[in-house]
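What follows draws every value from the coordinates through simple rules; no lab data is involved. Given the structure is predicted, the values throughout are model-derived calculations rather than measurements. For neighbour counting, all protein chains shown are included, and Cβ atoms are generated from backbone atoms with ideal geometry for every residue, glycine included.
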2 protein chains.
Amino acid sequence: MAASPSHRVSTGERLNTAETTGKLQQSVAKRGIRMTRQRRVILQVMDDAEQHLDVDQILERAQKIDSGVHLVTVYRTIDLLKKQGLIDELDLLHLRGDRHYYETHGPRDHIHVACLRCGKVREFESRLYEQLKEQIARDFHMKVTVSRTEVGGYCEECLRKTKE
Amino acid sequence: MAASPSHRVSTGERLNTAETTGKLQQSVAKRGIRMTRQRRVILQVMDDAEQHLDVDQILERAQKIDSGVHLVTVYRTIDLLKKQGLIDELDLLHLRGDRHYYETHGPRDHIHVACLRCGKVREFESRLYEQLKEQIARDFHMKVTVSRTEVGGYCEECLRKTKE
DNA sequence: ATAATTGCAAAGCTTTTGCAGACGC
DNA sequence: GCGTCTGCAAAAGCTTTGCAATTAT
């Protein structure tokens, strides 16, 4: 019962669903933020991403849609989205240097589970995780607004290979 | 003109409660890693640290003990310790830019809980957290070796101030 | 119209690397 | 004595910033 329905495996770089109904685009519009050609493209890329992307991946995908998107604009837009709390910034245990990854803020938090050997990253959701956050809020009398959990180890496949 | 002879600070600098019995120092010695003057100092700093430190803090403390410790050596020693799995690297939700923090790998994992307003960081341990990791190991058939959880929000005090 | 946004180039940071000389074992 | 470490300086990322031109509303 590994990767059950709610576990999105993310290894490749496929782009599939491309709706103009992106949630990010809606949220940004709703906040009365000026919409430019470049922003629209970057938001679409983030909306369509099935997994976390780093800055270069965002740029690459954006330029496939509109080659006139500059790296600097990607940085500035990411900044905007971070400040608006619409995306999360990850570093995935510094598995590959200090690269940062970004993903849209979903309805539920998920944990990133990475294999330290093959680099595959999977996502995991659990009621336990929600309980953990509740426990922290209760114990510290805090209002918890963000959380990030990254777990590393060796996946089944890599464990097998190591034994051989 | 490299490695100057002896830059040791001899005057009555702050007394450090440092024993030569630091756990890091022991672990490093046990692995047969060459012990240099600089490494000894850096390990002592890490051993004595009551919480996570960034590179500049490590350098600063190291130089109080021995002014002949170079920033580059701090980086190289941190690298060594990371590769040996003796310290953890944190980024604390990028609360203060992309600074990285380091701390010795304790016997039990703890969660870092940060206030996004005042920046205070507290640590939290929970059986729930151990259970969560077990669940991940079970579901994915993985061997989990590292994990990091960072939680952000508003502490009791800051919540009160915000209301006023 | 006019204030925000963009592209470009250049600056800023933090971290890494090449080397010659010093040091631990 | 041999091989590893260190300091220094310089290089190498990655991210930010100043500014004139452009664009959204």
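Springs between alpha-carbon atoms under 10 Å, Gaussian network over chain A: tell me which of A:ARG122, A:ARG148, A:ARG34 tops the mean-square fluctuations.
For chain A, modelled as a Gaussian network with Cα springs under 10 Å, the answer is A:ARG34.
5 Å is the cut-off here: which amide hydrogens, built 1.01 Å from N in the peptide plane, fall below it relative to B:GLY68, excluding neighbours closer than 5 in sequence?
B:HIS7
What are the nm distances, shortest first, from A:ARG31 to its equivalents in the other copies, labels at 7 Å along Cα→Cβ?
For A:ARG31, the other copies' label points sit at 4.3 nm, shortest first.
Once the label point is set 7 Å along the Cα-to-beta-carbon vector, what list of distances in nm do you get between B:LEU80 and its counterparts in the other copies?
4.8
Based on alpha-carbon centroids, what's the gap between region B:149-164 and region B:99-127 in Å, whole number please?
Centre-to-centre (Cα) distance: 16 Å.
Pull up all non-local amide H partners of B:HIS100: gap of 5 or more, or a different chain, and H-to-H distance under 5 Å with H placed in the peptide plane.
Placed amide hydrogens put B:VAL55 under 5 Å from B:HIS100.
Taking R0 as 41 Å, what FRET efficiency do you get between A:LEU159 and A:HIS70 from their Cβ-Cβ distance, rounded to the nearest 0.05? Can you show the working numbers first?
On the way: r = 44 Å, r/R0 = 1.06.
Taking R0 as 41 Å, the efficiency between A:LEU159 and A:HIS70 is 0.40.
How about B:LYS120: which lysines have a C-alpha closer than 24 Å to its C-alpha, ignoring those fewer than 8 places off in the same chain?
Cross-link targets: A:LYS82, A:LYS83, A:LYS133, A:LYS143, B:LYS161, B:LYS163.
Does anyone have the angle between helix B:71-83 and the longest principal axis of chain B? Alpha-carbon axes, 0 to 90°, nearest 10?
It works out to around 50 degrees.
Relative to the other copies, what are the label-point distances for B:LEU159, with labels 7 Å from Cα along the C-beta vector, expressed in nm at one decimal and sorted shortest first?
4.0
On a 0 to 90 degree scale, rounded to 10, what angle separates helix B:127-140 from the longest Cα axis of chain B?
For B:127-140 against chain B, the angle is about 80 degrees.
At q = 0.13 Å⁻¹, what base-10 log of I(q)/I(0) does the Debye formula yield for chain A when every alpha carbon is treated as an equal point scatterer in vacuo?
Each listed q maps to, in turn, -0.72.
Test of understanding: ordering B:LYS133, B:LYS83 by Cβ neighbours within 10 Å, fewest first, what list do you get? Provide the component values of the computation, followed by the final result.
Values: B:LYS133 22, B:LYS83 9.
Lowest to highest Cβ neighbour count: B:LYS83, B:LYS133.
What is the protein assembly as shown by shape, rounded, prolate or oblate, if you read a ≥ b ≥ c off the alpha carbon gyration tensor as root eigenvalues and call it rounded for a/c under 1.5, prolate for a/b larger than b/c, and oblate otherwise? Display every interim value, and only then the final one.
Numbers: a/c = 1.68, a/b = 1.57, b/c = 1.07.
It comes out prolate by the Cα gyration axes.
Kirkwood Rh and Cα-based Rg: tell me the resulting Rg over Rh for region B:67-138, rounded to two decimals.
Numbers: Rg = 15.2 Å, Rh = 14.5 Å.
The Rg/Rh ratio comes out at 1.05.
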